[in-house]
Amino acid sequence: MLIKNLIKKLKSNYLDNSLSSIDIKGIACDSRKVLPGYLYVAIVGYKQDGHDFINQALKNGASALVVNENYKNLKDIKVPIIVVSDTANALVDLANEFYDYPSKKLKIIGITGTNGKTTTTYLLEKILETAGFKVGVIGTVNYRFAGKIINATNTTPGPLELQELLAGMVKQNLDYAVMEVSSHALDQNRVAGIKFRSAIFTNLTQDHLDYHKNLEDYFNAKAKLFKNLDKDVTAIVNIDDIYSEKLIKKIKSRLISYSINKPSNIQAEEIKFSLEKSEFLVKIDRNRDLSISTKLIGIHNVYNILASIACALNEGISLEDIKEGIGRLDFIPGRLQKIDFGQEVSVFVDYAHTPDALRNVLGTMKKIFNKKILVVFG
């Protein structure tokens with residue numbers, strides 16, 4: 001791609017005239033990943049400054065550089081230099097342009113919240129596939145589409161990797177991309193420029209306070225996904241969560257609510273748990289019923305299923321396909337996953353690492369087992 005086309009939307013303070021004829025083969029913000037013909041974007045990170053690795057990028061064959069305007073050490077650099085106010089924001093625009101805005105060619109569902117993101121992606125994947133759609137997933141466990149499984153580097157990858165993944169899904173003619181959207185990704189604008197079709201809010205409890213200053217900052221990061229939605233996009237919100245009222249005030253798009261305790265568009269009633277399954281009735285806008293039987297146990301999974309039902313209905317999926325898709329999901333890796341080698345005790349592995357998640361898991365176990373529960377946590 002000609003660099004003059006690649007950078008046309010950047011607000012650049014300085015542009016070398018020799019740029020116009022350079023054909024960029026790729027983009028990298030890690031000097032180790034630079035190949036001949038690449039554009040190197042120097043990002044100021046939390047632990048390291050990409051400007052310190054410019055020489056390494058040049059040795060590896062970088063054809064041009066994007067640097068921050070306060071970077072002064074430009075002497076003796078032989079390749080064209082593009083100076084911007086914020087290289088991290090520039091990288092988002094460059095990634096979108098280089099991969100030709102793949103989010104506009106997919107139906108993208110974003111899921112954010114402290115707990116339940118991964119399970120909800122698995123549920124939606126099964127429901128959409130049951131309805132006959134091709135689906136890709138980007139999340140904590142892995143990134144997967146068209147038979148490929150890629151180890152996840154982050155819950156939500158950086159803008160370059162994210163756009164590359166979405167472009168790969170477009171190439172494979174996928175219909176949907178279902179992705180977890182982390183607070184880190186939102187705070188760092190990794191999903192800027194992504195055109196979402198719908199966005200789900202699961203809940204918000206204490207987490208990531210090593211990164212965010214406090215719960216208010218954490219909430220504001222999550223809320224960015226909803227504040228930036230186009231008016232024709234649907235926001236799907238768990239209104240039983242204490243932060244939902246505050247979030248709804250920021251939403252200008254269409255809203256679908258789901259709950260157990262409060263009246264909502266999608267509400268669960270008559271909930272029953274056993275070691276093998278959860279059963280409950282879903283009231284849809286108070287005029288339609290859907291009975292659910294699932295191998296996913298626990299009240300938290302009832303919420304995850306409600307979120308997936310709300311999203312699927314918004315996509316026009318039939319109740320039959322929704323019910324069948326949920327029934328096809330036996331377990332989610334590391335989410336109350338039963339480990340059975342014929343031993344006399346029941347053993348479960350769960351990803352719970354927040355106070356709320358651990359409370360939900362142990363609460364579920366207490367309701368099911370009238371026995372001693374041993375917990376290994378760390």
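For the reader, a short list of remarks on this structure follows.
- Whichever residue in the stretch 120-140 is among the small types (Gly, Ala, Ser) and under 28 Å from Leu336 (Cβ atoms) and, among such residues, is most open to solvent (accessible area, probe 1.4 Å): Ala131
- Residue in the stretch 95-119 that is nearest to Ser198 (Cα to Cα), counting only those that are among the hydrophobic types (A, V, I, L, M, F, W, C) and either outside any helix (DSSP H, G or I) or open to solvent by 30 Å² or more (accessible area, probe 1.4 Å) (or both): Ile109
- Strands (runs of 3 or more DSSP E) (entirely within the stretch 142-186) containing at least 1 residues that are among the hydroxyl-bearing types (Ser, Thr, Tyr) and touching a strand residue (DSSP E or B) at 6+ places or on another chain (Cβ under 7 Å): 142-145, 176-180
- Residue match in the stretch 197-209 (condition: open to solvent by 50 Å² or more (accessible area, probe 1.4 Å), under 21 Å from Ala357 (Cα atoms) and not in a loop (DSSP other than H, G, I, E, B)): no
- Residue match in the stretch 114-133 (condition: modelled with pLDDT of 95 or more and within 18 Å of Ala167 (Cβ to Cβ)): no
- Selection over the stretch 64-94 of residues that are in contact (Cβ under 8 Å) with a residue 60 or more places away in the chain and in a loop (DSSP other than H, G, I, E, B) gives a count of 2.
- Scanning the stretch 150-185 for residues that are open to solvent by less than 10 Å² (accessible area, probe 1.4 Å) and closer than 17 Å to Gly113 by Cβ yields a total of 7.
- Residues satisfying the stated conditions in the stretch 267-296, i.e. under 15 Å from Tyr122 (Cα atoms) and β-branched (Val, Ile, Thr): Thr294
- Selection count where residues are β-branched (Val, Ile, Thr), closer than 20 Å to Ala199 by Cβ and open to solvent by 20 Å² or more (accessible area, probe 1.4 Å), scope the stretch 234-264: 4
The values are calculated or read from the model by the stated rules, or taken from the named source; none is laboratory data. Every value quoted in this text rests on a predicted model; they were computed, and no experiment measured them. Virtual Cβ from ideal backbone geometry, glycine too; neighbours counted across all protein chains shown. Keep in mind that these areas ignore ligands, DNA and RNA; they rest on the heavy atoms of the full protein, side chains included. Shrake-Rupley method; radii C 1.70, N 1.55, O 1.52, S 1.80 Å.
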